[in-house]
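Asks: My questions will all concern the structure given below.
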Amino acid sequence: MLHDRWPGAVALGEFDRLFDRFMGGRGATTPATHPLLNVRDGDDEVVVEAEVPGVDPAALTLSLDGDKLVLVGSRGTENENRGRSERWRGSFRREITLATPIDESRAEARFEDGVLTIRLPKSTAAAPRRIEILTPGSED
């Protein structure tokens with residue numbers, strides 16, 4: 001057994017169990033939220049990058065539902081028996097609430113090197129516009 005060769009293995013196993021309880025049963029090596037996202041809200045567009053290494057692009061579904069961007073997919077099988085595995089696998093669903101109306105007809109997504117990059121151009125109706133301030137005598 002491992003703990004016969006290395007006494008710290010027992011403590012490490014106990015730490016894994018405590019961490020698993022702290023994470024709500026998700027496991028010490030399974031992050032609570034996948035895939036990891038970066039969201040940048042620029043002047044003209046919102047750009048979302050999702051880290052999805054090992055995911056087949058055909059296994060991803062991306063949609064706009066009102067003010068929400070929805071990404072659904074899966075990687076591997078949750079029940080695969082690989083011994084100890086620190087790579088996440090299973091199904092996921094991420095929803096991002098968008099603060100700005102999007103021009104859906106110009107939205108695009110590209111998958112390259114395990115990163116899904118989603119470009120969501122902002123609607124021109126959402127662009128700030130200048131409002132002239134009228135004063136007495138300037139209304140002509």
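The values are calculated or read from the model by the stated rules, or taken from the named source; none is laboratory data. Just so it is clear, the structure is predicted and the values come from calculations on it, not from any experiment. Methodologically, a virtual Cβ is constructed for each residue, glycine included, from the backbone with ideal geometry; neighbour enumeration extends over all protein chains shown.
Asks: Taking the condition modelled with pLDDT of 95 or more and surrounded by fewer than 10 Cβ atoms within 10 Å (Cβ to Cβ), does GLU112 pass?
Replies: The answer is yes for GLU112.
Asks: GLU80 - would you say it is at pLDDT below 75, more than 17 Å from ARG40 (Cβ to Cβ) and assigned by TED's automatic domain parsing to the domain that holds ASN38?
Replies: Yes, satisfied.
Asks: Is it true that ASP67 is acidic (Asp, Glu), touching a Ser or Thr at 6+ places or on another chain (Cβ under 7 Å) and at pLDDT below 95?
Replies: Considered against the rule, which asks whether it is acidic (Asp, Glu), touching a Ser or Thr at 6+ places or on another chain (Cβ under 7 Å) and at pLDDT below 95, ASP67 comes out as yes.
Asks: Scan SER138, SER91, SER105, SER74 and give me the residue that is at pLDDT below 95 and in a loop (DSSP other than H, G, I, E, B).
Replies: Result: SER138 is the single residue among SER138, SER91, SER105, SER74 that is at pLDDT below 95 and in a loop (DSSP other than H, G, I, E, B).
Asks: Based on what the data block shows, is ARG119 of a type outside the set (A, V, I, L, M), farther than 18 Å from VAL39 by Cα and either over 13 Å from the mean Cα position of the chain (by Cα) or at pLDDT 95 or above (or both)?
Replies: No, not satisfied.
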